[in-house]
């Protein structure tokens, strides 16, 4: 037993030697034969000490009532008209004293207090919230309050005696030691050295497991009637209403957003208990998908189990579909969305959990195997061979704003189309039935129209970086784009954005120091929609303050030749930076070098 604090209550009695407590004042000095209580003491005496009572006509007193005990006159140690001596019984507690007399009781104004030390010898080690525990010890009748763990204060007891106290455990008490306050002239707080273990619920089984959303889950175990809340994985609001509940079983409806995981039970004290086993959730499973390959907008039949749980289906590259042609537990029929691409499906249930199919849904797309002739002159017939070309509704040529939708001829394996004026070198885009994106030709079409560019004596970029040069760019880029190409097979696709002063940077610590053999820095730029008229800075060797500027031309390739003599401090040529000057957009860069 641990003593936490002591308050010493000293009361001095102003009677002769100052050890007695004045209990009442004498109304008059005349002895009228009535029992009078003048004083008693000493206060602060211990159990078993002698208590002295002083008064008048005390010979008439038949008994003295102390709080918690009564002493008959036969037990008085001394009994005269002015004094009574008695031994304080062990069951006495703090309170007023009453003199019993034939004419009536005489009760003190002040209270008798005693010096006691409460001790705890044992108590119930474990019990449920709401059950009674028994505390054994000495002077337990002096206990005024008990504090359970979690600061739960109890001041009302089931029963209380000198050696035993019975108290009900609060519903929200937690496991922990007890802190007990007892009164008296040496009142104190004591803490039990041992812990009261408050019983918690325990789970032995959960059935069915896995369980379906919205269906009943039966939880078996012990002390389950203590559970106030059940917390499922991925369910933000605890479940507080059960189908049924007893000490050994809880039946609860599984929330529709529950995900696989452990259950957490919370009791009134806020203490939580987590199950050792996971609760599985019944999820859909796919066994087949037909037809595959399949066309866009056609109906796909998905077979499997628990498919009635599916709320959404996500095709690769497409948004979720929540509306189906039909749905049962074993089959879903769904229309293939326009944005879908070949890949796996993801089937989502109400909780948001997604189940991916093991097999891919293959989309039927038009494909090209050959472009002929290639190179080709504008306004001449191009023959495209391949598969599923009968699905094609439009062909996009690089440099031409709108797709060509009228063909010379079309079949599943061949399309003949006239190449429009303005077409540039690049891959073709194939629009097709019920699809929101384009397929791309496997080959690049080389359109005759722009003169070929001569090879550089000192290349910086031609189908790749020149010797010694590295890509130090801080703009988004594809350094080997085949989308729009001026010369060769690749170009740089630069996407300027961010802080609007981003750059494509060619860096070479060992760049040519002797530029006497060259007169021009040359590069070609193709401006996409929205970039026409934009200024591009050409920064040499980090001379940011003195850039050379060029103007982007939209919709075509423009080759720029800058006199080396116009470049600030070009030797050695470590850096060539093509920087957007305060704008965002996409350009294609090709054929960079010195002449």
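Summary table
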quantity	calculated
The range 311-344, residues that are closer than 16 Å to residue 360 by Cβ and outside any loop (DSSP other than H, G, I, E, B)	313, 314, 334, 343
The lone exception for residue 188 - which of (1) at pLDDT 95 or above; (2) not in a loop (DSSP other than H, G, I, E, B) it fails	(1)
Looking only at the range 377-398, and only at residues there that are over 24 Å from residue 436 (Cβ atoms) and modelled with pLDDT of 95 or more, the one that is surrounded by the most Cβ atoms within 10 Å (Cβ to Cβ)	382
Top-ranked residue in the range 280-289 [being within 22 Å of residue 207 (Cβ to Cβ) and in contact with a strand residue (DSSP E or B) (Cβ under 6 Å, 6 or more places away or on another chain); ranked as surrounded by the fewest Cβ atoms within 10 Å (Cβ to Cβ)]	285
Residues that are over 24 Å from residue 336 (Cα atoms), in contact with a strand residue (DSSP E or B) (Cβ under 7 Å, 6 or more places away or on another chain) and modelled with pLDDT under 95, drawn from the range 420-443	420, 423, 424, 425, 426, 427, 442, 443
Strands (runs of 3 or more DSSP E) lying entirely in the range 54-166 (those with 1 or more residues that are without any contact (Cβ under 8 Å) to a residue 24 or more places away in the chain, within 22 Å of residue 195 (Cβ to Cβ) and under 50 Å from the mean Cα position of the chain (by Cα))	119-123, 152-154
Single match in 241, 237, 215, 195 (criterion: touching a strand residue (DSSP E or B) at 6+ places or on another chain (Cβ under 6 Å) and surrounded by fewer than 14 Cβ atoms within 10 Å (Cβ to Cβ))	195
In the range 461-500, the residues that are assigned to a strand (DSSP E or B) and in contact (Cβ under 8 Å) with a residue 60 or more places away in the chain	461, 481, 484, 491, 492, 493, 494, 495, 496
Among the residues listed as 267, 203, 271, the single one being within 30 Å of residue 124 (Cβ to Cβ), surrounded by 17 or more Cβ atoms within 10 Å (Cβ to Cβ), in contact (Cβ under 8 Å) with a residue 40 or more places away in the chain and in contact with a helix residue (DSSP H, G or I) (Cβ under 6 Å, 6 or more places away or on another chain)	267
Scan of the range 290-310 for residues that are touching a strand residue (DSSP E or B) at 6+ places or on another chain (Cβ under 6 Å), over 26 Å from residue 438 (Cβ atoms) and part of a loop (DSSP other than H, G, I, E, B), ordered by number	310
Extreme residue, surrounded by the most Cβ atoms within 10 Å (Cβ to Cβ), among residues of the range 345-359 that are touching a residue at least 40 places away in the same chain (Cβ under 8 Å) and not in a loop (DSSP other than H, G, I, E, B)	347
Filter pass, residue 218 being in a strand (DSSP E or B), under 25 Å from residue 353 (Cβ atoms) and in contact (Cβ under 8 Å) with a residue 24 or more places away in the chain	yes
Test result for residue 61, touching a helix residue (DSSP H, G or I) at 6+ places or on another chain (Cβ under 8 Å), buried (at least 19 other Cβ atoms within 10 Å of the Cβ) and either outside the structural domain of residue 42 (by TED's automatic domain parsing) or farther than 17 Å from residue 43 by Cβ (or both)	yes
Test: residue in the range 561-579 that is surrounded by fewer than 18 Cβ atoms within 10 Å (Cβ to Cβ), touching a residue at least 40 places away in the same chain (Cβ under 8 Å) and more than 16 Å from residue 541 (Cα to Cα)	yes
Condition broken by residue 483, with the remaining ones in (1) surrounded by 20 or more Cβ atoms within 10 Å (Cβ to Cβ); (2) in the same structural domain as residue 574 (by TED's automatic domain parsing); (3) within 30 Å of residue 295 (Cα to Cα) satisfied	(1)
Residue that is surrounded by fewer than 15 Cβ atoms within 10 Å (Cβ to Cβ) and touching a helix residue (DSSP H, G or I) at 6+ places or on another chain (Cβ under 8 Å), where the choices are 412, 455, 401	412
Selection status of residue 27, outside the structural domain of residue 139 (by TED's automatic domain parsing), at pLDDT below 85 and surrounded by fewer than 16 Cβ atoms within 10 Å (Cβ to Cβ)	yes
Residue within the range 311-324 that is touching a helix residue (DSSP H, G or I) at 6+ places or on another chain (Cβ under 8 Å) and not assigned by TED's automatic domain parsing to the domain that holds residue 222 present	no
Test result for residue 519, under 48 Å from the mean Cα position of the chain (by Cα) and surrounded by fewer than 16 Cβ atoms within 10 Å (Cβ to Cβ)	no
Any chance residue 578 is within 24 Å of residue 490 (Cβ to Cβ) and touching a helix residue (DSSP H, G or I) at 6+ places or on another chain (Cβ under 9 Å)	no
Odd one out for residue 366, checked against (1) under 26 Å from residue 443 (Cα atoms); (2) out of contact with any helix residue (DSSP H, G or I) (no Cβ under 6 Å at 6 or more places or on another chain)	(2)
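Yes/no per residue for (1) buried (at least 17 other Cβ atoms within 10 Å of the Cβ); (2) assigned by TED's automatic domain parsing to the domain that holds residue 560:
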residue	(1), (2)
406	no, no
421	no, no
429	yes, no
464	no, yes
496	yes, yes
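The values are calculated or read from the model by the stated rules, or taken from the named source; none is laboratory data. All values reported here derive from a predicted model rather than from experimental measurement. For neighbour counting, all protein chains shown are included, and Cβ atoms are generated from backbone atoms with ideal geometry for every residue, glycine included.
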